[in-house]
Amino acid sequence: MKDLLSTTSSLFIILFSLSLLFLTEEPNVESGEQKKTIATQRKQPPEKKTTTYGRVQSVTVRDGVLIFVAFEKDGLKEYYFSLRGKNVILCQSPTSQMPHKSIQFEESDSGSLRITLSTSLDINLEKELKDF
């Protein structure tokens, strides 16, 4: 009786393993329309996501975290953004066409993030990033 039970349980385990093996393989069948949409998506560059925070009151970098306070409709709101483990370009450009006292986050297609600070913000990037 024990032999019969162990044999059937072994068969169930083998069948279960084989079913998982076949279920994970998906057929690669695409219609003509799907191929066209995929081709057009590859031709078009991905959209850059840009977020701008206006009316920024203060900015600082502490222990690899960009901290800034912005004035919102509800009052002052603190934002924290970790700079560690990411491809971040932090710059303060006097020639940029940015609004007064603002911070702009722009994601590029190469996976990096560019953070542009308005020149009207009182921050010295060399000093802030010295210990980082």
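Since every read-out is calculated from the coordinates, none of them should be taken as a lab result. Since we're looking at a predicted model, the values are computed, not measured. Neighbour counts run over all protein chains shown; Cβ positions are idealised from the backbone, glycine included.
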Q) By average Cβ neighbour count within 10 Å, what is the ranking of 2-10, 78-86, 58-66 from highest down? A) 58-66, 78-86, 2-10
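Provide the gained length on full extension for the span residue 7 to residue 65, in nm with one decimal, where the gain is 0.36 nm per separating residue minus the Cα-Cα distance. Let's see the in-between values first.
Working: separation 58, 0.36 × 58 = 20.88 nm, distance 5.95 nm.
Taking 0.36 nm per residue and subtracting the Cα distance, the gain is 14.9 nm.
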